[in-house]
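Chemist: Can you keep this structure in mind? I'll have questions shortly.
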Amino acid sequence: MKVFLSGIAGTGMSSLAGLFSEKGYRVSGSDVNFYPPVDKILEKMKARVFSPYDSRNIPEDMDFCVIGNVISRGNPEAEAILDKGMEYYSMAEALYKYFIKGTKSIVVCGTHGKTTISSFIAHLLETAGEKPGFFIGGKPKNFPANYALGSGKYFVTEGDEYETAFFDRSSKFLKYHPLYLILSALEYDHIDFFPDESLYIRSFQNLVNQVPGNGLIILNNDFPMNREVVEKAFTPIVTYGIKDCDYVLKNITYDPRSGYYRFVLKSGSKEATFTSKIPGRYNLWNETAGIILGFRFGIPEKTIRQAVESFEGVERRLNIINRVGKTIFLEDFAHHPTSIKNVLQSLQEAFPGKKIITLFEPRSWSLRRNIFQERLAESFSDSHEIIIKEVFQKEKIPETERLDVDRIKQELEQQGKKVRVVKHGKEIEDYLLHLDFSQSNLVVILSNGSFDNIPTFVKHLQEHLAQTDRNE
């Protein structure tokens, strides 16, 4: 079988290409740019790739095509596929038809935590010998890739609520037909796709209505929106959180020497204690969702405990990327005021006494707009110094709708914070080159994009410092 993927270099599409390759398909595709590590990934699977988009890229003998959601009408490949009447699918449709269908579908959804929860569930099932298939938006550290064909009965999918394709404006997760649905923390997001909060809620309600009566919904009960989307569910629901839940998290302690958390999960009269080594108190909630699923599957508590203790987390989620002198550098994918606040609170707990310096890029569609204007300054309350890059591609956002970073700066300065707003990543590079590394600093990089390659610059900071010394 031969498949052509238009928009193959995206995170999801390149992973789908990997699944097709593992299944024995001949893979080809196109995109505009092939940045690392996707270029090497596609090269390793011997995919034939083209750039730029052109109708002549598509071989005549393709069995079917997959059209990524970066492709719009007017794209020469999209027009050729439609004009020739070729068989085509969206990424989400192809993922279900060729990989999820016929398995017990586990779908993890929510505004926060879905990548970590999906990664942990895949690791838990692997630890239990279930050999799951999975498709995850981030790279789990316990696996060589963010996808696996699997040979067992379960398939784990990170369910994205964003739109499917130009020919299907519904949420991707509606294509995955979960038997087991995990709803992590829900808060209004993706306002470019959901201009009204009710539309955001309705999409999740539609997903809940797909789950059969003999399935299961596992729900974070600490977020009001979660409870709203399951009000009319016909599926059994199991809740977790800090109170009034089926599973209550309690007795959370943190050991700064080991960097490990210990917590108790209480269900009725039963209690189980777990130890987690991934950073971030909020990740205990994420692991709890997977633990509950493990209990429901009848996985022994000993095996679940082993999976929690050996879970390494996800790349770009509170990862330490360098150390220079007494300064530690981390990066995180934070893309919402709640996730920013959670990250900084966790760092305050994990590194008491450190000066926290936050490098922040408003890059997601929601953060670039003023929907979070009133909440954003408060989310930085645990940071001592903040450098904010101007809104990413601000010219694409009408000024009346755009996040006012200068106002954020003023509000933070009124709290006694040291704040800078910069236009270019080069200004941040210069700042880092002149940082006093003899001081006990903690520098955290927050962006859901490339952030002018600042993380890469930081990973090679010693080399840049040496070059600066030679030039001086």
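Read the figures in this text as sums done on the coordinates, not as results from a lab. These numbers come from a predicted model, not from an experiment. Glycine also receives a Cβ, built like all others from the backbone with ideal geometry; neighbour counts cover every protein chain displayed.
Chemist: When the helices in the chain are scored as -39500 (n - 2.57) per DSSP H run of 4 or longer and the sum is shared across all residues, what 222 nm value do you end up with, to the nearest 500 deg cm²/dmol?
Modeler: Result for the chain, helices only: -9000 deg cm²/dmol.
Chemist: Can you count the Lys pairs in region 2-90 whose Cα atoms are under 25 Å apart, with each pair 8 or more apart or on different chains?
Modeler: Close lysine pairs found across region 2-90: 8.
Chemist: Further question: Please work out the Cα center distance from region 370-431 to region 129-156, rounded to the nearest Å.
Modeler: 37 Å
Chemist: Further question: Quick one: grab Rg to one decimal and Dmax as a whole number for region 102-310, Cα atoms only, in Å.
Modeler: Final numbers for Rg and Dmax: 16.5, 53 Å.
Chemist: Compute the length gained on full extension between Ser51 and Ile252: take 0.36 nm times their separation in residues and subtract their Cα-Cα distance, giving the result in nm to one decimal.
Modeler: Going from the current span to full extension adds 67.2 nm.
Chemist: Right, here's the next one. If packing is taken as the mean number of other Cβ atoms within 10 Å per residue, what is the order of 326-338, 184-196, highest first?
Modeler: Final packing ranking: 326-338, 184-196.
Chemist: Towards the positive end of the charge dipole of the chain, with charges on Cβ (+1 Lys, Arg; -1 Asp, Glu), say which of Asn206, Gln415, Ile428 has the farthest Cα.
Modeler: Asn206
Chemist: Gap in Å between the Cα centre of region 174-215 and the Cα centre of region 1-77?
Modeler: So the two Cα centres are separated by 28 Å.
Chemist: Moving on. Please give, to one decimal in nm, the separation of the simple spin-label points placed at Glu228 and Tyr162, each 7 Å out from Cα toward the Cβ.
Modeler: Modelled inter-label distance: 2.3 nm.
Chemist: If you don't mind, there's one more thing I want to ask. How big is the shadow of the Cα convex hull of region 102-171, averaged over all directions, in nm²?
Modeler: 5.2 nm²
Chemist: Same structure again: Sort Trp285, Trp365 so the one with the fewest other Cβ atoms within 10 Å of its own Cβ comes first.
Modeler: In increasing order of surrounding Cβ atoms, one gets Trp365, Trp285.
Chemist: With +1 assigned to the C-beta of every Lys and Arg and -1 to the C-beta of every Asp and Glu, and no other charges, what is the dipole magnitude of the chain about the Cα centre in debye, to the nearest 20?
Modeler: With only Lys, Arg, Asp and Glu charged at Cβ, the dipole is about 1260 debye.
Chemist: Then there is this: Where the only charges are on Cβ atoms (+1 Lys, Arg; -1 Asp, Glu), what is the dipole of region 257-298 about its Cα centre, to the nearest 20 debye?
Modeler: 120 debye
Chemist: Let me ask something else. Quote the relative contact order of the chain in percent (integer), defining contacts as alpha-carbon pairs under 8 Å separated by 6+ residues.
Modeler: Taking the mean separation of contacting Cα pairs over the length of the chain, I get 10 percent.
Chemist: Something else now. Determine, from the Cβ-Cβ distance of His464 and Asp83 and an R0 of 41 Å, the FRET efficiency 1/(1 + (r/R0)^6), rounded to the nearest 0.05.
Modeler: Efficiency for this residue pair is about 0.20.
Chemist: Send over the Kirkwood Rh of region 425-472, from the inverse of the averaged 1/r over different Cα pairs, rounded to one decimal Å.
Modeler: That comes to 11.7 Å for region 425-472.
Chemist: Name the residue farthest towards the positive end of the dipole of the chain from the options Thr116, Ala272, Cys245, assuming +1 on Cβ of Lys and Arg, -1 on Cβ of Asp and Glu, about the Cα centre.
Modeler: Of Thr116, Ala272, Cys245, it is Ala272.
Chemist: Right, here's the next one. Please name which of Gln462, Val49, Ser310 has its Cα lying farthest along the dipole of the chain towards the positive end, using unit charges on Cβ (Lys, Arg +1; Asp, Glu -1) and the Cα centre as origin.
Modeler: Ser310
Chemist: Right, another one. Which of the GluC sites (Glu not before Pro) found in region 22-82 are in a DSSP loop and have at most 13 neighbouring Cβ atoms, other than their own, within 10 Å?
Modeler: Within region 22-82, the qualifying GluC sites (Glu not before Pro) (loop, at most 13 other Cβ atoms within 10 Å) are Glu60.
Chemist: Still on this model: Say each of Asp406 and Asp196 gets a label point 7 Å from the Cα, pointing the same way as Cα to Cβ; how far apart are those two points in nm?
Modeler: Result: 3.4 nm between the two label points.
Chemist: Something else about it: At a threshold of 8 angstrom on Cα-Cα distance, excluding pairs fewer than six apart, so keeping six or more, what relative contact order does region 102-310 reach in percent?
Modeler: That works out to 19 percent.
Chemist: Students often check this: by mean Cβ neighbours within 10 Å, which of 422-433, 101-112 ranks highest, and how do the rest follow?
Modeler: 101-112, 422-433
Chemist: Evaluate the charge dipole of region 349-472 about its Cα centre and quote only its size in Debye, nearest 20, assuming +1 on the Cβ of each Lys and Arg and -1 on the Cβ of each Asp and Glu.
Modeler: In debye, rounded to 20, region 349-472 gives about 240.
Chemist: From Cα coordinates alone, what are the radius of gyration and Dmax values for region 335-439 in angstrom?
Modeler: 13.8, 43
Chemist: So, one more: Longer than 30 Å from Cα to Cα, which of Lys97/Lys302; Lys114/Lys277; Lys302/Lys459; Lys101/Lys243; Lys101/Lys394 are they? Say none if no pair is.
Modeler: Lys97/Lys302; Lys302/Lys459; Lys101/Lys243; Lys101/Lys394
Chemist: For the chain, compute Rh as the Kirkwood radius over C-alpha pairs and then the Stokes-Einstein diffusion coefficient at 25 °C and 0.890 mPa s; write the answer in µm²/s, rounded to an integer.
Modeler: 104 µm²/s
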